[in-house]
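Contents: one structure, followed by commentary.
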Amino acid sequence: FNGFSVQSRLYEIDVIGYANNRVNKLSLFDVESVDQSIVGDGITFDKNDIAKNLTLFLYPDDSDESGHLLRIYQQYFMVSNAVNLIFDDLQENNFALNDLASHAVIQINDTHPTLVIPELIRQLELKGIKRERAVEIVKHCVAYTNHTILPEALEKWPIDMFKQLLPRIYMVVEEINRRLLDDVRRGH
């Protein structure tokens, strides 16, 4: 993250299915540096020390700049970890990256986890997949459901902040936007 890093830790919890027929794993991510001692009265805490508060509270108050920063960091942390977990699973099961869509479907709900799209593209490129092919792979393995159109439920970040915090992700988002506009202009 913009000049610092955190060490994530994976926790897997068994989730038993209907009639105990099957067990799935719920994967949760945390940081080793989280510090619960920074919590004050209620749920007030120092939102500026990202390494200590990154996973302390889900959906922290983002009515100020430090809250915006924390939300962006949280969302990127979660989707980046999820992408890495999927890639580890692909490797463990001897699936090729090009076959990602036949192995995994990533269902995103509302706008909070949408960073998974540019993160998947970015990481596929890091693994040697050309941009054009990475976009095609991602198109076939990500599904989106929007549960609300209320403005307060739709994630929005100041562009300058987003560009500064996640510059490579921002470049991928800009490319996606350019392609979308080109498709619209061509009538697709």
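The values are calculated or read from the model by the stated rules, or taken from the named source; none is laboratory data. Keep in mind that what you see is a predicted model, and the values were worked out from it rather than measured. Ideal geometry is used to build each Cβ from the backbone, glycine not excepted, and the neighbour counts take in all protein chains shown. Just so you know, the surface numbers come from the protein's heavy atoms only, side chains and all, with ligands and any DNA or RNA stripped out. Shrake-Rupley method; radii C 1.70, N 1.55, O 1.52, S 1.80 Å.
Scan (1) touching a helix residue (DSSP H, G or I) at 6+ places or on another chain (Cβ under 7 Å); (2) over 23 Å from L120 (Cβ atoms); (3) open to solvent by 70 Å² or more (accessible area, probe 1.4 Å) for the single condition F95 breaks and write down its number.
The failed condition is (2).
Looking only at residues that are assigned to a loop (DSSP other than H, G, I, E, B), in contact with a helix residue (DSSP H, G or I) (Cβ under 9 Å, 6 or more places away or on another chain) and without any contact (Cβ under 8 Å) to a residue 24 or more places away in the chain in the range 22-56, which one is farthest from V173 (Cα to Cα)?
So the residue we want is D35.
What number of residues in the range 49-60 are within 13 Å of F1 (Cβ to Cβ) and surrounded by fewer than 18 Cβ atoms within 10 Å (Cβ to Cβ)?
Residues in the range 49-60 being within 13 Å of F1 (Cβ to Cβ) and surrounded by fewer than 18 Cβ atoms within 10 Å (Cβ to Cβ): 2 in total.
Condition check ((1) in contact (Cβ under 8 Å) with a residue 24 or more places away in the chain; (2) among the aromatic types (F, W, Y); (3) surrounded by fewer than 17 Cβ atoms within 10 Å (Cβ to Cβ); (4) outside any helix (DSSP H, G or I)) across all residues:
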position: R122; (1), (2), (3), (4): yes, no, no, no
position: I129; (1), (2), (3), (4): yes, no, no, yes
position: A134; (1), (2), (3), (4): no, no, no, no
position: I137; (1), (2), (3), (4): yes, no, no, no
position: H147; (1), (2), (3), (4): yes, no, yes, yes
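Any idea which of (1) in a loop (DSSP other than H, G, I, E, B); (2) in contact (Cβ under 8 Å) with a residue 40 or more places away in the chain; (3) of a type in the set (K, R) is the one R179 doesn't satisfy?
In the conditions (1) in a loop (DSSP other than H, G, I, E, B); (2) in contact (Cβ under 8 Å) with a residue 40 or more places away in the chain; (3) of a type in the set (K, R), R179 misses (1) alone.
The rows are residues; the columns are (1) aromatic (F, W, Y); (2) under 30 Å from D99 (Cα atoms); (3) under 17 Å from the mean Cα position of the chain (by Cα).
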residue	(1), (2), (3)
S33	no, no, no
I38	no, no, no
I43	no, no, no
L69	no, no, yes
M78	no, yes, yes
